[in-house]
Amino acid sequence: MSSATPSPGPSSSSAHGHHKRHSILPAVSQSGPKPPVQFSSSCTIADSALLTGAHTIIVSTESVIHPRARLESLGGRVTVGRRCIVHERACLGAADLQGRYHKGSPDKEGRSMGAVTLGDYVTVEVGAQVESGGTVIGEGTTVGIGTRVGAGAVVGKHCTLTANSTVAAGEAIPDYTVIYSNGLRRVDRRGVSDLKNKAQARQIDVLRRMIPSNPAKFQ
């Protein structure tokens, strides 16, 4: 009688501790056109992020793109400011609910405003969708889990869009606005934007050590 096959021992990585963060979700499809990119040398872009489109994707200093995050430049340029965090299954440059990709209106010089622009210190949380179409998210703003920001919306600085909230296409949101999923809104008068930015910088320091980065894959 043959003996039972022994179960394999712990791998060398687990035996010695492995601190890099890997997604436990299925891999995303990497299909679609490969866009031109401009990456800061200090940004972190996970190997399983998805970058697709025909226009330039820019990721600035110390920003972090999580596994399974999607950056789509089919509707125009996508710009991620400094020290931003784009979480798993979030999408920048998304199509609208009818599957259409909107292009940004031209500025005064006739140049396209791009599909999506994130200011510095922006957080886009898990599953949030920021539609293409000249859409702007201001400095220090948090786009909550499952939130949708419509095409051409301009969200001000240091806003908080709570989980599953909605910003309508073309809507302008004043600085420091808090939006709830039931549609209620208020102004955040706490004056804690500097503290939030410092906390974001600390979180990024941790994430840069946890997430294996492979920007060369996309260049």
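The values are calculated or read from the model by the stated rules, or taken from the named source; none is laboratory data. Just so you know, these numbers come straight off a predicted model, no measurement behind them. We place every Cβ from the backbone using ideal geometry, glycine too, and count neighbours over all the protein chains shown. Side chains included, ligands, DNA and RNA excluded: accessible areas come from the protein's heavy atoms. Shrake-Rupley method; radii C 1.70, N 1.55, O 1.52, S 1.80 Å.
Looking at segment 119-129, which of the residues that are of a type outside the set (S, T, Y) and more than 16 Å from S73 (Cβ to Cβ) is surrounded by the fewest Cβ atoms within 10 Å (Cβ to Cβ)?
Here the residue is V126.
In this structure, is V206 more than 18 Å from the chain's Cα centre (by Cα), over 30 Å from R100 (Cα atoms), modelled with pLDDT of 95 or more and open to solvent by 60 Å² or more (accessible area, probe 1.4 Å)?
When the stated conditions are applied, V206 does not pass them.
Before we move on, is S31 at pLDDT 95 or above, of a type in the set (S, T, N, Q) and either open to solvent by 50 Å² or more (accessible area, probe 1.4 Å) or not in a loop (DSSP other than H, G, I, E, B) (or both)?
no
Does segment 68-86 hold any residues that are under 11 Å from T117 (Cα atoms), outside any strand (DSSP E or B) and out of contact with any Lys or Arg (no Cβ under 8 Å at 6 or more places or on another chain), and which are they?
R77, G81
Output the residues belonging to segment 101-118 that are modelled with pLDDT of 90 or more and open to solvent by 20 Å² or more (accessible area, probe 1.4 Å).
T117, the sole residue that qualifies.
Checking V122 against (1) touching a residue at least 40 places away in the same chain (Cβ under 8 Å); (2) of a type in the set (V, I, T); (3) closer than 30 Å to R100 by Cβ; (4) out of contact with any Cys (no Cβ under 6 Å at 6 or more places or on another chain), only one condition comes out false. Which one?
(4)
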